[in-house]
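Just below is one structure, and these are the notes that go with it.
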Amino acid sequence: MAKTGTTTQGLRAAIERSGYYPALVAEAVEAAVGGEPVSSYLVHQETTFDSNEVRRHVTVLVLTGTRFLVSHTDEQAADGTSPSPYATTSTESVKLERISSVVLSRVVANPESYTPGTPPREVVLTIGWGAVSRLDLEPATCGDPNCEADHGYTGSATADDLSLRVSEAGDGPDTVRQTLDFAQALSEATARVGSPQ
């Protein structure tokens, strides 16, 4: 379930509608937002299956005039550190000028008959601000299949701080549209921050 909008009251209502520990999630998000007006937000809840356990997770993304906020809340089963189930909530506040990339990948069915404006069946929103990077390495080659020399390694570094997958089948078409709207708002905000005044 995802909800998007542009007000602090709307953000609180979306968190409550998600039904996932709303008091806990709202308190953490509202503390991170502080008194800043909310420009846009996205609340996304997902359920995953881990062996014999069902785990829930909610991600709340908030855009203000100066910051991008991300909050994650996960529930955990009782374990060696806690005799009862518990939840972990974290929030991160990122200045808009630190956001280095906003990547939106779209999956479209039957591309040969695509009509502009038709929502994709799935989107993946990836946002990078330099906190986490993924490094993919592989042995370098010279192109000679008989060469046995060590040419070192080649690879790429990818900013991968946050990746959020939303699908029409799993989350519904409204959620896909809401994710597209939030991605556009975030892209526009980072473009404004990067442009000369």
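The table below gives the values:
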quantity: Every residue from region 8-34 that is open to solvent by 70 Å² or more (accessible area, probe 1.4 Å) and without any contact (Cβ under 8 Å) to a residue 12 or more places away in the chain; calculated: GLN9, GLU16, ALA23, GLU27
quantity: Selection count, region 85-96, where residues are surrounded by 12 or more Cβ atoms within 10 Å (Cβ to Cβ) and either out of contact with any strand residue (DSSP E or B) (no Cβ under 7 Å at 6 or more places or on another chain) or hydroxyl-bearing (Ser, Thr, Tyr) (or both); calculated: 4
quantity: Matching residues, region 99-128, being surrounded by 15 or more Cβ atoms within 10 Å (Cβ to Cβ) and more than 28 Å from GLU53 (Cβ to Cβ); calculated: ILE99, SER101, VAL102, VAL103, LEU104, PRO119, PRO120, ARG121, ILE127, GLY128
quantity: Residues of region 17-74 classified as more than 21 Å from TYR86 (Cβ to Cβ), among the β-branched types (Val, Ile, Thr) and part of a helix (DSSP H, G or I), total; calculated: 1
quantity: Residue satisfying condition, being surrounded by 11 or more Cβ atoms within 10 Å (Cβ to Cβ) and modelled with pLDDT of 90 or more, within set ALA189, ALA131, ALA169, ALA159; calculated: ALA189
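The values are calculated or read from the model by the stated rules, or taken from the named source; none is laboratory data. Predicted model, so just to flag it, every value in this text is computed and none were measured. Using ideal geometry, Cβ is built from the backbone for each residue, glycine included, and neighbour counts are taken over all protein chains shown. With ligands, DNA and RNA removed, areas are computed over all heavy atoms of the protein, side chains included. Shrake-Rupley method; radii C 1.70, N 1.55, O 1.52, S 1.80 Å.
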